[in-house]
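Beneath this line is the structure, given in structure tokens, with notes to follow.
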4 protein chains.
Amino acid sequence: MHVTETRVRYADTDAMGVVHHANYLVYFEIGRTELIRREGLPYADLERDGLRLAVVEAALRYRHPARYDDALLIATAVTEVTGVRIRFEYVISLQASGRPLVEGHTVLASLDERGRPRRLPPELRAALEGMVEAGADEDR
Amino acid sequence: MHVTETRVRYADTDAMGVVHHANYLVYFEIGRTELIRREGLPYADLERDGLRLAVVEAALRYRHPARYDDALLIATAVTEVTGVRIRFEYVISLQASGRPLVEGHTVLASLDERGRPRRLPPELRAALEGMVEAGADEDR
Amino acid sequence: MHVTETRVRYADTDAMGVVHHANYLVYFEIGRTELIRREGLPYADLERDGLRLAVVEAALRYRHPARYDDALLIATAVTEVTGVRIRFEYVISLQASGRPLVEGHTVLASLDERGRPRRLPPELRAALEGMVEAGADEDR
Amino acid sequence: MHVTETRVRYADTDAMGVVHHANYLVYFEIGRTELIRREGLPYADLERDGLRLAVVEAALRYRHPARYDDALLIATAVTEVTGVRIRFEYVISLQASGRPLVEGHTVLASLDERGRPRRLPPELRAALEGMVEAGADEDR
């Protein structure tokens, strides 16, 4: 499981005084971006090669709110990889206390620049599949 | 089922040329806000009375992307109401063609200003329960 | 001067309980988009023809805050057009009271798809120049 | 001049493939937040004491676009402090090349929780005034 840190921006909050619920999808995105970067395959490079990873499914469970300026930990795991899809699972927690705030998953589909299904580049698929095994050992 | 319209802002899009996936949660929010307004109970008024409706669960299924300037229809239904929770279901479609783009649901919890559970105001609960019955007749 | 209406989304607010100041640039964008649409030249069509209008300068003066669910009026005027630049001026006010909230301007540069300067399409330039004259008569 | 780093989120981009112009105001906000934090006066703490710093004026000049995943440097300086106002100036540049992308300023007014003018807390004012002097020596 890959852990990255982010800090809540003022613009991420809403009039309820907490992070607007849509922004946890943005934090999930930061989590998987950093996980892929760690594998030496930055998503910006994959995009330059014509790959698009589009979110086709998402789910979130909100337990406690994050607030402005909170330092958050985003734990991200790859839990399934097929030729054209990747499933990521996430837990966002408060760095200070470790308290879990939001958890969820997203499923991403591999597309070409025109939005048509395209198989994952073998290098990326292999790297991600490697993480699934590791994930299965460590986290279940 | 209540239908409201919104138009995709340029700021809602991302570098993939389509609406960023987090923004459909914002469209869902517009849908339920307008549904509640139609009942004569604007959410802004409910907030002034100390009520907070916090999203505790959300799920989305993305079928086709929306693009800049698309006119979208947000169909919103109340599908469950308890003393402290409301479940809304949504279908977002293209106004021009009727093509469904994204569907999903959210569960909202009724809280007081300090974030503690608080029963829904009877008026709001009754109005929402009325819609569940109507929804069941028309849409299932 | 072209006037369009928009309503404050919950996601536009921040923990101060009012619209986050960055979002007025988004409202300005809605204003100029609708002004151009009224001329029969939707920006989405212009983009399909390879035109990009990029903001190169912006300024805002914040007098009073907008709040969640406020209906806002965005008044937009074209105040200068050259071969490659357009200057828009804006006043955002509360629909209910007419109270002005935020005013400002943006300068947009005409670019091609690769971000290089490109002269405005003659049709668009003529339409915009026509509005400058009209604006000078009516609004000054 | 205080320099902080931030990375462009995918959600910060728009369909033009670059950062949406409104988001540089969010980056400016990160810059001044970190500058104030460095002085040992986190804005979140100031807010808990009932202080609100509201943006009353902003201006930006966009020279080159930032793109997804770019590491940005936000240089922030305090250039004026009065009893109720602070002026910050910013330059955002690419970390990789040092290329300046966007520059601008904001003026913030000191308010109480109800939005009425309130003098800056002496501690904060003194800290900020100290930075103005330093800024004048080093940067002009």
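Only the coordinates and a few stated rules stand behind these numbers; no lab work does. Because the structure is predicted, anything quoted here is derived from the model rather than measured. A quick note on method: Cβ atoms are made from the backbone with ideal geometry, for glycine too, and the neighbour counts reach across all protein chains shown.
Within the option set A:A11, A:A44, A:A22, being hydrophobic (A, V, I, L, M, F, W, C) and either surrounded by fewer than 19 Cβ atoms within 10 Å (Cβ to Cβ) or in contact (Cβ under 8 Å) with a residue 24 or more places away in the chain (or both) holds for one residue only, A:A44. Applying the condition of being of a type in the set (S, T, Y) and within 22 Å of B:E5 (Cβ to Cβ) to the range C:1-24 and asking which residue is farthest from the other protein chains (Cβ to nearest Cβ) yields C:T4. The residue list B:A75, B:A59 contains one member that is over 22 Å from A:D14 (Cα atoms) and within 17 Å of the chain's Cα centre (by Cα), which is B:A75. Going residue by residue through the range D:103-112, is there one that turns out to be touching a Lys or Arg at 6+ places or on another chain (Cβ under 9 Å) and within 30 Å of B:M16 (Cα to Cα)? There is at least one residue in the range D:103-112 that is touching a Lys or Arg at 6+ places or on another chain (Cβ under 9 Å) and within 30 Å of B:M16 (Cα to Cα).
Checking the structure you have, find out if any residue of the range D:65-87 is in contact with a strand residue (DSSP E or B) (Cβ under 7 Å, 6 or more places away or on another chain), within 14 Å of chain A (Cβ to nearest Cβ), β-branched (V, I, T) and surrounded by 15 or more Cβ atoms within 10 Å (Cβ to Cβ). There is at least one residue in the range D:65-87 that is in contact with a strand residue (DSSP E or B) (Cβ under 7 Å, 6 or more places away or on another chain), within 14 Å of chain A (Cβ to nearest Cβ), β-branched (V, I, T) and surrounded by 15 or more Cβ atoms within 10 Å (Cβ to Cβ).
Residue-by-condition table, conditions (1) among the hydroxyl-bearing types (S, T, Y); (2) out of contact with any helix residue (DSSP H, G or I) (no Cβ under 9 Å at 6 or more places or on another chain):
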| position | (1), (2) |
| --- | --- |
| D:N23 | no, no |
| D:R38 | no, yes |
| D:E47 | no, yes |
| D:A54 | no, yes |
| D:Y68 | yes, no |
| D:T79 | yes, no |
| D:S110 | yes, no |
| D:R118 | no, yes |
| D:L128 | no, no |
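Restricting to the range C:2-18, name every residue that is under 21 Å from B:Y24 (Cβ atoms), hydrophobic (A, V, I, L, M, F, W, C) and outside any helix (DSSP H, G or I). Matches in the range C:2-18: C:V8 only. Of the residues making up the range D:25-45, just one is more than 12 Å from chain C (Cβ to nearest Cβ), of a type in the set (A, V, I, L, M) and touching a strand residue (DSSP E or B) at 6+ places or on another chain (Cβ under 8 Å), namely D:L35. Taking the criterion of being within 14 Å of chain A (Cβ to nearest Cβ), crowded, with 16+ Cβ neighbours inside 10 Å and closer than 30 Å to A:P42 by Cα, would at least one residue in the range D:88-106 satisfy it? Looking for residues that are within 14 Å of chain A (Cβ to nearest Cβ), crowded, with 16+ Cβ neighbours inside 10 Å and closer than 30 Å to A:P42 by Cα, one finds at least one in the range D:88-106, hence yes. Determine, yes or no, whether D:S97 is farther than 24 Å from C:V102 by Cα, free of Cβ contacts under 8 Å to residues at least 40 places away in the same chain and out of contact with any Lys or Arg (no Cβ under 8 Å at 6 or more places or on another chain). In short, yes.
When the range B:109-119 is limited to residues that are free of Cβ contacts under 8 Å to residues at least 60 places away in the same chain and under 30 Å from B:R61 (Cβ atoms), the one that is nearest to the chain's Cα centre (by Cα) turns out to be B:A109. Screening the candidates A:E47, A:E103 for the property of being among the charged types (D, E, K, R) and within 16 Å of the chain's Cα centre (by Cα) yields one hit, A:E103.
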